[in-house]
Amino acid sequence: MKALKSQLASEVLADPVARKHLREFLTRGASDGAPRSEFEFRRPNGETVKISPRIVPKAKAA
């Protein structure tokens with residue numbers, strides 16, 4: 001999870017329910033054939049955000 005450095009990622013990881021959804025996504029193996037995983041997350045200010053996690057390939061060294 002080294003790549004998760006955004007404010008949104010910090011908020012998702014701080015919320016127990018959202019963290020559980022993210023963990024399930026990662027343990028299921030986000031293969032190309034796996035069904036798309038989406039869930040809603042409520043920010044501390046009450047705003048609802050739809051999260052669509054995906055795994056992207058590692059960046060190549062320049």
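The numbers here are math on the coordinates, done by the rules we state, and not lab data. A quick note: this is a predicted structure, and the numbers were derived from the prediction, not measured. Reconstructed Cβ throughout: ideal geometry from the backbone, glycine too, with neighbour counts over all protein chains shown.
Some values worked out for this structure:
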{"item": "Computed label-point distance, nm, for sites Q7 and V49 using a 7 Å Cα→Cβ extension", "result": "0.9"}
{"item": "Built amide H within the under 5 Å cut-off of I51, gap 5+", "result": "F39, E40, F41"}
